[in-house]
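Enquirer: Questions regarding the structure given below will be posed in turn.
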Amino acid sequence: MFTNLTRSFHLSSSIHSTILKHTSSVRLSSSLSKIHELALSDPPDDPQNDEWNLNIAHLLTHHLNLPSNQFTKILNKSYPPSPSLNATSFFEDLEKLKNNEPIQYILGTWDFHILENILCESPVLIPRPETEELVELLLKDIHEGKECKVLDIGTGTGCIGLSVLCSLPNIKMYGVEPASAAYNLSSRNIAKFKNQFKPNSSYVKIYNCGISELEDIMSFDYIITNPPYIPSSDMKGLKLNVLDYEDHAALEGGQDGLKVINDIFEYVKKVRKLNGNVKVFGEGDVGHPEVLKGRVEGRVEGIKDFRGMERFFVVSYE
Ligand SMILES: C[S@@+](CC[C@H](N)C(=O)[O-])C[C@H]1O[C@@H](n2cnc3c(N)ncnc32)[C@H](O)[C@@H]1O
């Protein structure tokens, strides 16, 4: 049964006309596959947006109240036997998608690494798949059960630190985040996931400041970071759904993309006075690991992501 198809609508004029256009078709067809086709046939104007099929399937999965593991079925147009869909809110959200609003912000949650439904809100950076690989690099390095103090620089949603805490016991996590929207969202995500932390793992605190302002110097075993690293001149080449909705301060790393990364290694120097063996796992732009080899003390290893881009750097000092 499709519900709410005959409700009266009190919406903005463009959405109103879109829904009226669509609901009349829906009444004629009364079928989910028709709604799906209708949505697919109406992509946004941004020619760079090549993810329309995926986004529509995510939106339908959400509005059908299905768990995210049913997404592939919806993508393949295999529908539940008795679907229930609120057409009004589905077409409202479709309108947002057409205006390039990222699907993660529309849904309000996204899956990242081990975390199901981490909260996502504009303008806090949406967790990216390559960052899941960065988390994996760190997890592989920590001997299971070892007690570790870890610092996540630029927490955003909190996705990196929370994935580590939900994967390993005996971790004490600290974060640094200057943007208040991100600081608040990561605090809410900590509350959401804390009952999934492994034994004796905890999020100790997030400092609401930039790394160059952090006065507490501690003996961290690991520093992990996905900082802003896009060179200023590359910003205008980003997709509209990024440029219009995500915080530019979460993305832009100054002229060469290395502004915050340089600040991070200034902080590392201070940590090394307490723990000479701290190890740094970071994500940067292609070419950054190579630049760091000539710039920082310690052994720098560059690692490729799943797209074959060398963007991860691991710096060790043993
Ligand atoms: C690319 S986002 C990464 C967010 C999150 N860690 C993730 O991977 O999804 C970079 C984050 O660093 C924060 N940031 C910006 N300048 C910073 C600075 N000077 N020190 C620490 N964090 C900073 C931004 O506010 C943003 O949340």
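Where a number appears in this text, it was derived from the coordinates with a stated rule and is not lab data. Nothing here was measured: the structure is a model prediction, and the numbers come from that model. Every residue, glycine among them, receives a Cβ derived from its backbone with ideal geometry; neighbour counts consider all protein chains shown.
Enquirer: For Y229, what residues show an amide H to amide H distance below 5 Å, using hydrogens built from the backbone and excluding near sequence neighbours?
Expert: G253
Enquirer: With the chain treated as a Gaussian network of Cα nodes joined by springs under 10 Å, which of G257, G145, G308 yields the largest mean-square fluctuation?
Expert: The residue that fluctuates most here is G308.
Enquirer: Please list 128-140, 174-186 highest first by mean number of surrounding beta-carbon atoms within 10 Å per residue. Can you show the working numbers first?
Expert: Working: 128-140: 17.2, 174-186: 20.8.
Taking the mean over residues of other Cβ atoms within 10 Å, the ranking is 174-186, 128-140.
Enquirer: Would you mind working out the magnitude of the charge dipole of the range 113-316 relative to its Cα centre, with +1 at each Lys and Arg C-beta and -1 at each Asp and Glu C-beta, to the nearest 20 Debye? Numbers along the way, then the final one.
Expert: On the way: 24 positive and 30 negative charges, 115 e Å.
The dipole magnitude comes to about 560 debye.
Enquirer: Additional query: In what sequence, highest mean first, do 220-227, 309-316, 69-76 appear when ranked by Cβ atoms within 10 angstrom? Please report the intermediate quantities before stating the final value.
Expert: Values: 220-227: 22.8, 309-316: 18.9, 69-76: 14.5.
Per-residue Cβ counts within 10 Å, averaged per peptide and sorted highest first, yield 220-227, 309-316, 69-76.
Enquirer: Return the whole-Å distance between the Cα centroid of the range 165-237 and the Cα centroid of the range 247-318.
Expert: 16
Enquirer: Another question about this same structure. Return the lysines within reach of K205: Cα separation strictly under 29 angstrom, same-chain partners fewer than 8 residues apart disregarded; answer none if there are no such residues.
Expert: List returned: K140, K146, K149, K172, K192, K194, K259, K269, K270, K273, K279.
Enquirer: Per-residue ellipticity at 222 nm for the chain, helices alone: DSSP H runs ≥ 4 residues times -39500 (n - 2.57), over residue total, nearest 500 deg cm²/dmol? Please list the in-between numbers first.
Expert: Working: 12 runs with 118 residues, N = 318.
Taken over the chain, the calculation gives -11000 deg cm²/dmol.
Enquirer: Non-local amide H neighbours of G257 (under 5 Å, H modeled in plane, Pro and chain starts lacking H): which ones?
Expert: The answer is S232.
Enquirer: Sticking with this structure for a sec: Below 8 Å, C-alpha to C-alpha, sequence gap of six or more: please give me the relative contact order for the chain in percent.
Expert: Working: 548 pairs, mean separation 41.2, N = 318.
In percent, rounded to a whole number, it is 13.
Enquirer: Would you mind putting 114-126, 146-158, 205-217 in packing order, based on average other-beta-carbon counts within 10 Å, highest first? Walk me through the numbers before you get to the answer.
Expert: Values: 114-126: 20.1, 146-158: 23.8, 205-217: 15.0.
Order by mean packing, descending: 146-158, 114-126, 205-217.
Enquirer: So for D50, D247, fewest C-beta neighbours within 10 Å to most, what's the order?
Expert: Details: D50 10, D247 16.
Result, fewest neighbours first: D50, D247.
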